[in-house]
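Asker: Structure incoming, see below.
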Amino acid sequence: MALGPLARILAQGVVAGIAVLARSLPAAYAAALQNARKSGADKAAGEAALKGASFLGKARMPKDEALMVLNVTEHEATAEAIQTQYERYFEANKVDNGGSFYLQSKIYRAKEL
């Protein structure tokens with residue numbers, strides 16, 4: 001018989017705790033958003049998105065780096081020359097032939113520009 005009142009007290013405590021969390025979590029989230037706006041974090045994220053950054057914050061490869069990876073000058077940079085260099089270097093760095101996946105990914109990203 002003593003279990004009934006004890007269970008009721010425990011249930012009331014759990015309900016009170018959930019009510020406190022239900023009120024405090026949205027308020028904490030709103031405060032965090034407000035702090036982010038004050039510090040300019042939302043503007044920085046927007047500018048990064050305009051530069052081509054993904055949600056992970058990684059920006060696209062700059063044009064001069066892409067030309068360096070593909071070993072072409074800006075004057076030689078035609079679609080055909082870039083495709084030719086891409087095929088040449090991508091094949092040379094095939095992982096199956098002992099090449100580097102990292103270099104292949106750099107070559108692929110360079111071709112995207």
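Asker: Please return the ranges of helices (runs of 4 or more DSSP H) entirely within segment 25-113 where 1 or more residues are modelled with pLDDT of 90 or more and open to solvent by less than 100 Å² (accessible area, probe 1.4 Å).
Answerer: Of the helices (runs of 4 or more DSSP H) lying wholly inside segment 25-113, those with at least 1 residues that are modelled with pLDDT of 90 or more and open to solvent by less than 100 Å² (accessible area, probe 1.4 Å) span 63-70, 79-92, 101-112.
Asker: Look at segment 81-102 and say how many of its residues are over 12 Å from residue 70 (Cβ atoms) and under 26 Å from the mean Cα position of the chain (by Cα).
Answerer: 4
The values are calculated or read from the model by the stated rules, or taken from the named source; none is laboratory data. Small disclaimer: the values here were computed from a predicted structure and weren't measured. With ideal geometry, Cβ positions are generated from the backbone for all residues, glycine too; neighbour counts draw on all protein chains shown. We work out accessible area using only protein heavy atoms, side chains counted, and drop any ligands, DNA or RNA first. Shrake-Rupley method; radii C 1.70, N 1.55, O 1.52, S 1.80 Å.
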